[in-house]
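**Q** Provided herewith is a single structure, encoded as structure tokens, for subsequent inquiry.
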Amino acid sequence: MDSRDASDTVGDKPRFINEQEHALDELRGRGDQDAVVRALVELATSYWRVGEVKTALEKLEEAWRLAEDQGNHPLAANVLANLGAALANTGQLGPAVEKYERSLTLLDPETDLGAMAPIYASLGLALRDLGDHDEAKRHFQNGIGAFRNAGDVESAVSALNDLALIHQDDADLDGAFKCLQEALDLAKSQEGEDSLVARTLSNLGRLQTAQGKGVEARESLETALELASGGQDVGTLISLGMIFADLGNHEKAIECFERSQAIARDMGWAVDEANALFYLARIHAGLGDHERALDYYSMSGRMADQMGDRGSMAMISWNAGLSLLAMERAEEALAAMHDAVNYWREIGAPDAEEHAKALSEFEAKVNPTPS
């Protein structure tokens, strides 16, 4: 992801995006189609970072069409993997899996294993979210092996963390600890990689809590918070906030979410800011402050709407509906939850009908049928 400050604008776009658009036009003029494809992927990443999700997807679709026409299989696979990631991040997990699987068919394990590694990991994440943990583990293990062979320590650490979380979800605490210990050893072997250590320690703290190791968990989490704050690591700060919330340490959780939101806002990272606002809403709702929660849901929802992120809009609308129900504003609540179900159905979310059933139950309670 592009980490440049999006506040430096020309017209209605960040300056760096205008520069990328200009460079792309020059490449089109030269007729170098492979270079055009790569530039389109980079431009899509930049649009994604500033919250222009629809435009990012359009750029990736254009890149895919060009790469397919060129017959450059490794390049086409890269574009498909980026498209899969974009779809997964908007909640379209089924289509994302299809893109990832198709991209793998374009690559040769004998010569392209390095390129296959991140696709294995991304496919593992999508399958985990779809509930297929066995297949997710298999793909993560393939990815970790490939990352190690390529000497890509950062990606290996990230994949080991994700694999650990699946083991923990499956109540395999020993398997989770083994993955995290391996990840921590790798992360500490790299100078200047505080964010890797922070992420691993945050997950280790969660695991130690599940194991009943309170003292060790607090030490891991406090160290992770210090490292993540110093490195402006928004993703780890949000993860830490979620962990502190689960542990009932609401003050620390709010601190993490507020820090992550401030960093993302200052850097112009719209997707990260919307996520931080959503989690601030969730924690205030959990504390019973539904008025404040609705304020945060509203801010996050506006950003998700601008980005065209239907998956996030669904989550925000559903949770806002729950807060409205708690405030006895039933009509508004049901309307928000209807919106959520429609968004989930629109993107083919696997739990859309489960939420539709829950909504029907809420409606029956709010508007009981006369006997």
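Read the figures in this text as sums done on the coordinates, not as results from a lab. Just so you know, these numbers come straight off a predicted model, no measurement behind them.
**Q** Specify the residue with the greatest mean-square fluctuation among T55, T236, T105, computed from a Gaussian network of the chain linking alpha-carbon atoms under 10 Å apart.
**A** The residue that fluctuates most here is T105.
**Q** Could you check which residue among G114, G51, G214 shows the biggest mean-square fluctuation in a GNM of the chain with a 10 Å Cα cutoff?
**A** Among G114, G51, G214, the largest mean-square fluctuation in the Gaussian network model of the chain belongs to G214.
**Q** When the chain is modelled as a GNM with alpha-carbon springs shorter than 10 Å, which of A281, A96, A335 fluctuates the most?
**A** A335
**Q** Would you give the gap between the C-alpha center of the range 295-333 and the C-alpha center of the range 92-162, rounded to a whole Å?
**A** Value for the Cα centre distance between the two parts: 33 Å.
**Q** Just to check I understand the Karplus step: with θ = phi - 60° and J = 6.51 cos²θ - 1.76 cosθ + 1.60, what whole-Hz values come out for the range 340-349, glycine and proline as x?
**A** Values per residue, Gly and Pro as x: 4, 4, 5, 4, 4, 5, 4, 9, x, 5 Hz.
**Q** Per DSSP helix of 4 or more residues, -39500 (n - 2.57); summed, then divided by the residues of the chain. What does that give at 222 nm, rounded to the nearest 500?
**A** Mean residue ellipticity at 222 nm (helix-derived): -27000 deg cm²/dmol.
**Q** Provide the per-residue ³J(HN,Hα) series for the range 52-60, in order, calculated from phi with Karplus coefficients 6.51, -1.76, 1.60 and θ = phi - 60°, each as a whole number of Hz, with x at glycine and proline positions.
**A** For the range 52-60, the Karplus-derived couplings read 8, 5, 4, 5, 4, 5, 4, 5, 5 Hz, x marking Gly and Pro.
**Q** Distances longer than 26 Å among the Cα atoms of the chain: what percent of all pairs is that?
**A** Details: 39389 of 68635 pairs.
Summing the P(r) tail past 26 Å for the chain gives 57 percent.
**Q** Can you list residues whose amide H is under 5 Å from W269's amide H, if they're 5+ apart or on another chain and H is modeled 1.01 Å from N?
**A** Residues meeting the criterion, in which the H sits 1.01 Å from N, do not exist here.
**Q** Would you mind classifying the range 118-249 by shape? Square roots of the alpha carbon gyration tensor eigenvalues, ordered a ≥ b ≥ c; an a/c under 1.5 is rounded, otherwise it is prolate if a/b is larger than b/c and oblate if not.
**A** Values: a/c = 1.74, a/b = 1.24, b/c = 1.41.
Oblate, since a/c reaches 1.5 and b/c is not below a/b.
**Q** Near K13, which lysines are there with a Cα under 25 Å away, not counting those fewer than 8 places off in the same chain?
**A** K54, K59
**Q** Reachable lysines from K188, Cα under 28 Å, same-chain residues fewer than 8 places away excluded?
**A** Partners found: K137, K178, K213, K252.
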